[in-house]
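Single-structure report; data block below.
The values are calculated or read from the model by the stated rules, or taken from the named source; none is laboratory data. In this text the structure is predicted, and so the values were computed from the model without any measurement. Positions of Cβ are generated from backbone atoms using ideal geometry, with glycine treated the same way; all protein chains shown enter the neighbour counts. Heads up: the accessible areas ignore ligands, DNA and RNA and are worked out on the full protein's heavy atoms, side chains in. Shrake-Rupley method; radii C 1.70, N 1.55, O 1.52, S 1.80 Å.
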Amino acid sequence: MEIAEYVKKWKIFLLDLDGTVYIDGALIGDMKRTLETLRKHGKRLIYLTNNSSRTKEDYVRRLTGLGIYGEEDDVYTSGDATIAYLKRHCAGRRVYLTGTEKVRESFLKQGIRLEEEDPEVVVLSYDTEIDYEKISKTARFLRRGLPYIATHPDVNCPAKPAPVPDVGSFIRMFEASAGRVPDVIVGKPYRYMAEGIRELTGTHGDEVVMVGDRLYTDIAFGANNGFSSLLVFSGETTEELYRQSAVRADLTLQTLNDIVKYL
Ligand SMILES: [Mg+2]
């Protein structure tokens with residue numbers, strides 16, 4: 001299929017952030033104009049991130065500050081998808097959440113019952129405020145055999161001068177300590193994040209495209225869930241890495257900016 005045919009078919013763009021839209025907070029090329037052009041052609045933009053250390057409001061503020069948040073746009077994080085999962089599958093249950101203060105507030109605001117002493121479910125999110133007390137508590141509750149949910153699988157989060165440990169690294173620590181691995185991982189590439197997107201957009205299938213720079217989360221998310229996928233080489237994945245990968249995208253571009261040529 002021609003590139004322009006794909007681009008015409010795609011109605012909803014799920015946009016990864018780091019490595020796709022910006023790198024270290026700096027927009028990639030003329031991303032502002034690219035996103036405006038997509039909107040002008042009737043494409044809906046949803047920023048989709050596995051980073052559960054910040055809330056949707058944090059991201060809206062950040063993207064507005066960068067001048068790339070449109071009125072009709074949306075932000076969806078693995079934290080949002082986890083809230084949707086809890087409402088669907090663990091309604092009313094007491095949750096022990098390892099998470100930042102802001103994220104804890106957003107769970108409470110959405111009606112999730114947070115519990116420090118006698119939880120029924122353990123949720124592990126990207127807690128950049130984690131300390132030894134939280135680590136010990138989480139391990140203790142996991143040893144009780146409680147249902148164990150992690151917001152996403154990423155081992156590292158991109159940062160300068162070097163990547164920093166993300167939830168995937170926490171998961172390995174708790175596996176070593178408590179002998180548990182998550183019963184459910186919500187974020188990209190897993191289906192719970194996709195269910196959240198279907199709930200949000202009321203649509204599914206290949207008119208939704210996942211745009212991202214990471215094979216094992218972004219591109220696998222598209223492939224696993226019946227969405228289209230567009231791999232960009234502006235972040236983690238090099239063309240050399242992609243040649244060796246079993247994960248395949250529908251389309252590849254050097255950067256998302258290249259798409260305007262085909263609109
Ligand atoms: Mg990325």
Would it be correct to say that R172 is away from the ligand (no atom under 16 Å from the Cβ) and either under 23 Å from L86 (Cβ atoms) or polar (S, T, N, Q) (or both)? no
Pair list, Cβ < 6 Å and 6+ apart or interchain, from the stretch 20-40 residues that are among the charged types (D, E, K, R) to residues that are open to solvent by 50 Å² or more (accessible area, probe 1.4 Å) and not in a helix (DSSP H, G or I): D24/K160
Residues of the stretch 187-211 being under 22 Å from L27 (Cα atoms) and either within 12 Å of the chain's Cα centre (by Cα) or away from the ligand (no atom under 16 Å from the Cβ) (or both), in sequence order, are M210, V211
Taking the stretch 35-62 only, how many residues are out of contact with any Gly (no Cβ under 7 Å at 6 or more places or on another chain), surrounded by fewer than 21 Cβ atoms within 10 Å (Cβ to Cβ) and part of a helix (DSSP H, G or I)? 10
I'd like the full set of residues that are hydroxyl-bearing (S, T, Y) and open to solvent by less than 10 Å² (accessible area, probe 1.4 Å), limited to the stretch 73-88. T77, S78, T82
If R143 meets every condition in (1) of a type in the set (K, R); (2) under 24 Å from T49 (Cα atoms); (3) touching a Gly at 6+ places or on another chain (Cβ under 9 Å) apart from one, which number is that one? (2)
Can you find a residue that is under 23 Å from the mean Cα position of the chain (by Cα) and free of Cβ contacts under 8 Å to residues at least 12 places away in the same chain anywhere in the stretch 122-145? no
Residue that is nearest to the ligand (Cβ to nearest atom) [pool: residues in the stretch 212-246 that are over 18 Å from the mean Cα position of the chain (by Cα) and not in a helix (DSSP H, G or I)]: F233
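Report, by residue number, each residue of the stretch 35-68 that is under 23 Å from V167 (Cα atoms) and charged (D, E, K, R).
Here is the first cut: in the stretch 35-68, the ones under 23 Å from V167 (Cα atoms) are 46-60, 62.
Passing the criteria: R54, K56, E57, D58, R62.
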Scan of the stretch 130-154 for residues that are among the polar types (S, T, N, Q) and in a loop (DSSP other than H, G, I, E, B), ordered by number: T151
